[in-house]
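Step one of this worksheet: look at the structure below.
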Amino acid sequence: MHPQGGIGACQGHHGGVSKAPFGKGNVHIILYLLVRHKVEDYERWKPIFDHDRGATRKRSGSKGGWILRNANDPNELVILFEWDSLENARRFANADDLREAMQQAGVADQPDVYFLEEIERLGA
C-alpha cells in the first residue's frame, strides 16, 4: 500500500485542504479522485464498473464524474470523479472490494491514482 493510500501507486496532493476562490468572494472547495488505468477489454470492464449504477460510489461520497478514453488506445481509461471530501475519496480508493472488482473487470496495469483539489476554473 502506498503511504498516500488508495489503489495502486497513489500520487497527488499531500492531503491538506486549501480554499479556492470562485465567483465574487465565495469560497468553494472541489475535490476530485482521478484514476488512470488500462483494461484488457472495455466491453468487459464497463458492466462491472456499472454493476450498481454508481450507488456504492454515491454512498461513499462521489458526486459523479467522467470516463475518458485515450483516443489512440481505447483500453486506456482516465476516470475523474468529483468527491465530497478527501477522507471519503481515500476511504473509497482503499476499499478491498474495489481492488477485487478491478481485478474481476480486467484492469491490466497498476492504476495511477490522484487526489486533487480544484484551485481555479478557467474559461475557454
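The values are calculated or read from the model by the stated rules, or taken from the named source; none is laboratory data. None of the values given here were measured: they were computed from a predicted structure. Neighbour counts are summed over all protein chains in view; Cβ atoms, including those assigned to glycine, are modelled from backbone coordinates with ideal geometry.
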| task | Could you grab the pairs with beta carbons closer than 6 Å, sequence gap of 6+ or different chains, first residue in the stretch 78-94 and touching a residue at least 24 places away in the same chain (Cβ under 8 Å) and closer than 13 Å to residue 111 by Cα, second one part of a strand (DSSP E or B) and of a type in the set (D, E, K, R)? | result | 78/36
| task | Determine which single condition residue 71 fails, assuming it passes every other condition in (1) free of Cβ contacts under 8 Å to residues at least 40 places away in the same chain; (2) among the small types (Gly, Ala, Ser); (3) in contact with a Leu (Cβ under 7 Å, 6 or more places away or on another chain). | result | (3)
| task | Look through the stretch 47-72, keep the residues that are closer than 18 Å to residue 109 by Cβ and modelled with pLDDT under 95, and return whichever of them is surrounded by the fewest Cβ atoms within 10 Å (Cβ to Cβ). | result | 48
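What about residue 23, is it exposed (fewer than 13 other Cβ atoms within 10 Å of the Cβ), modelled with pLDDT under 90 and at positive phi? Write out each step before concluding.
On the way: exposed (fewer than 13 other Cβ atoms within 10 Å of the Cβ): yes; modelled with pLDDT under 90: yes; at positive phi: yes.
Yes: the conditions hold for residue 23.
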| note | residue 122 meets each of (1) touching a residue at least 60 places away in the same chain (Cβ under 8 Å); (2) part of a loop (DSSP other than H, G, I, E, B) with one exception, condition (1)
| query | When you go through 95, 105 one by one, which is the residue that is surrounded by 14 or more Cβ atoms within 10 Å (Cβ to Cβ), closer than 12 Å to residue 57 by Cβ and either among the hydrophobic types (A, V, I, L, M, F, W, C) or over 14 Å from the mean Cα position of the chain (by Cα) (or both)? | reply | 95
| remark: Taking the stretch 34-55 and keeping residues without any contact (Cβ under 8 Å) to a residue 12 or more places away in the chain and either among the β-branched types (Val, Ile, Thr) or not in a helix (DSSP H, G or I) (or both) leaves 50, 52, 53, 54
